[in-house]
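Novice: The structure that follows is given in the form of structure tokens.
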Amino acid sequence: MIKNKVGVAVAGLGFIGRQTHVPAFKKIPNAELIAVIDIIEDLAKEVASEHNIKYYLDYKEALRNPDIDAIVVTTPTQFHFNMVSEALANSKHVFCEIPLTQDVNESKQLIEIANESKVILMPDLTFRFTPNYAKAKELIDEFVIGKPISLNFCELIPTKDLATQWPSNSWAWNTKKSSGYPDFTLSILSLDLVRWLFDSEIIDAKWMSNYVPLPVLNNYTVYNTAVIIRLSNNAIGILHYSASILTQEGTARLEIFGNNTSVLRATWNNHISLVDEKFRTEWTFKMRGTKVWGHYQIDSHFIDCILQGKKPLATVEDAIKAQIIAEKINQ
Ligand SMILES: NC(=O)c1ccc[n+]([C@@H]2O[C@H](COP(=O)([O-])OP(=O)(O)OC[C@H]3O[C@@H](n4cnc5c(N)ncnc54)[C@H](O)[C@@H]3O)[C@@H](O)[C@H]2O)c1
């Protein structure tokens, strides 16, 4: 019998699993959130009771549930390879957080396992679905700025938010577990975004960073990292990542300059303007909840790909290409 709903379980109930994917899958009409999985029993129980669903502490037991068609892997990065490969080998479709694996060669192995099992494996390259970035892609493809020739991207995360989410002793700062500091992890999203918007590969990247303990925050160490890139269409760009700022100064800002002198300027997740010689055209998106950064949209796309047998818009190959550029930070 052909199913018209995909049974989903979310594994890993930290910030990204609990706050974004659980509520998104709960609302997607052709998905049914069946279960959550976490090794912390109180947490798993609490989230399961919030949504009136099952919970598992044992991942393998969840994989044996035939009602679960797809697994969403939102555990710390060090667990992705084993969890994803087991799920794929059990013929479950998989949506996985980034970095997909600690070593890109493992991601290549996952492609093979997914192909053998004839299931979909999709990385969470969310920025392709963020409302104002998706609009930027549409406008670039309509040649409103002519040919894109350069870009400026700036992602400023408030120090206090980062310290709460990923304290100094968290896996995210332990490179044996994460393969890189938070700037490495988070930059994969924007590097993928740039490749996608410019429809080009990043062929050169020069990174510079400093990691500075802040006395005002018990010497919590923050990153200030910048990369200058060249793309295969000869465009160049600067991307700046920092977590050394006040809460009210947090922002994401992307400017793309075209060869007809127009510029696209996207701020946060919900606003974009097109400025040319005569006009300024503005778009503001009033999405709420998990639609704000595109989590609902990318999760829906994953479900549509399963039900309609479509190739995902964001592939494992895309995740690998962005990760290879991000890894140069560590060099
Ligand atoms: N938090 C973000 O803003 C963000 C952004 C981009 C990517 N990511 C990626 O999302 C993933 C998760 O990040 P996070 O910040 O939510 O982590 P987190 O540390 O906040 O939460 C991870 C959760 O996974 C659970 N867990 C650990 N091992 C498990 C196992 N074997 N089985 C089941 N559950 C297990 C933990 O108990 C915890 O609840 C990482 O790969 C990260 O790189 C996170």
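Taken together, the values in this text are just the output of simple stated rules run on the coordinates, not laboratory data. What you see is a predicted model, and the numbers here were worked out from it, not measured in a lab. Backbone-built Cβ (ideal geometry, glycine too); neighbour counts: all protein chains shown.
Novice: For the stretch 6-123, what is the percent of antiparallel DSSP beta bridges, rounded to the nearest 5?
Specialist: Restricted to the stretch 6-123, the bridges split so that about 0 percent are antiparallel.
Novice: Still on this model: Quick check on packing: order 12-21, 127-136 by the mean number of other C-beta atoms within 10 Å, highest mean leading.
Specialist: The densest-packed peptide leads the list: 127-136, 12-21.
Novice: Same structure, new question: Based on DSSP H runs of at least 4 residues, each adding -39500 (n - 2.57), what is the mean residue ellipticity at 222 nm of the chain after dividing by all its residues, to the nearest 500 deg cm²/dmol?
Specialist: After summing the helix terms and dividing by the residues of the chain, the value is -10000 deg cm²/dmol.
Novice: What do you get for the angle between helix 104-117 and the principal long axis of the chain? Use alpha-carbon atoms, 0 to 90 degrees, nearest ten.
Specialist: Once rounded, one gets 50 degrees.
Novice: How charged is the neighbourhood of LEU189? Take every other residue with its Cβ under 15 Å from the Cβ of LEU189, and add Lys/Arg as +1 and Asp/Glu as -1.
Specialist: Taking every Cβ under 15 Å from that of LEU189, the sum is -2.
Novice: With the dipole of the stretch 6-123 worked out from charges on the C-beta (+1 for Lys and Arg, -1 for Asp and Glu) around the Cα centre, which of ALA70, VAL104, PHE81 lies farthest toward the positive end?
Specialist: Looking along the dipole axis, the top candidate is ALA70.
Novice: Here's a follow-up. Which distance in Å, rounded to a whole number, links the C-alpha centroids of the stretch 272-316 and the stretch 172-227?
Specialist: 23 Å
Novice: Taking only Cα atoms, what is the 0 to 90° angle, nearest 10, from helix 131-141's long axis to the longest principal axis of the chain?
Specialist: Roughly 60 degrees, rounded to the nearest 10.
Novice: Tally the DSSP beta bridges in the chain and give the antiparallel ones as a percent, rounded to 5.
Specialist: That works out to approximately 60 percent antiparallel.
Novice: Same structure, new question: Under the classification rounded if a/c is under 1.5, otherwise prolate if a/b is larger than b/c and oblate if not, where does the stretch 226-295 fall, given a ≥ b ≥ c as square roots of the Cα gyration tensor eigenvalues?
Specialist: oblate
Novice: How do MET122, MET287, MET208, MET83 rank when sorted from fewest to most other Cβ atoms within 10 Å of their own Cβ?
Specialist: By the 10 Å Cβ count, ascending: MET208, MET287, MET83, MET122.
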